[in-house]
Amino acid sequence: MELKKENNEPKNKMASPFAQTYFHGTKADLKIGDLIEVGFNSNYGQRKNAKYIFLTATLDAAIWGAELALGEGPERIYLVEPTGAIEDDPDLTDKKFPGNPTKSYRSVYPFRIIGEVSHWQGHPTEQVQTMKNNLEQLKVQGINSLND
C-alpha cells in the first residue's frame, strides 16, 4: 500500500481485510446506514438517557448485549463502525475483566450500522436467566453501572 509522505496515511481508503469488526447487540429495529446515538433511553438498567453507546469486537459479547437488552422486539446484532473515539467499557474492564478480554467499548460518538448478523447461536436459556438474576441482584444491592 502506498503512503502519503506528509502524514503516513494510505492514499486510498479501501476496505481492508485487517480492519477491526465491531458489533452492537440490541432489540432495536434498525437499518443499514442508521446511526446509533447517545441521548435515547438505554437498553439496560434503569432505562435512563444513555450517556454512552456500546460496541464490542467479539460476537459473544454482542450476543449477551442482545439477550440482555430490555424491550419486546427480536434480538439483533448489528455490524457497526464508530464515527469517533471509543474507550474501554469500565464496567467490564475495571471491575470484572482487567485487560478487556471481552473487547467491550463505549463512546459518546455515533456508530453507523453497516450490516446485520442474521444467523447466530444464543446462550442457553438457563445461562441467560442466571445472568438476568445476577443483574437484578446487583440492582437490589444498589450497585449501579459506571455508565449511567
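Rule-based calculations on the coordinates, nothing more; no lab input. Just so it is clear, the structure is predicted and the values come from calculations on it, not from any experiment.
Taking amide hydrogens as placed 1.01 Å from N in the peptide plane, the amide H of ASP34 sits under 5 Å from those of ILE113, each at least 5 positions away in sequence or on another chain. Using the Karplus relation 6.51 cos²θ - 1.76 cosθ + 1.60 with θ = phi - 60°, the per-residue 3J(HN,Hα) values for region 53-58 come to 10, 10, 8, 9, 9, 10 Hz, with x marking Gly and Pro. With all pairs of different alpha carbon atoms counted, what Kirkwood hydrodynamic radius in Å does region 22-140 show? Evaluated over region 22-140, this radius sits at 14.6 Å.
Residues whose amide H comes within less than 5 Å of that of ASP89, counting only those at least five positions distant or on another chain, are SER104, TYR105, ARG106 (H built at 1.01 Å from N in the peptide plane).
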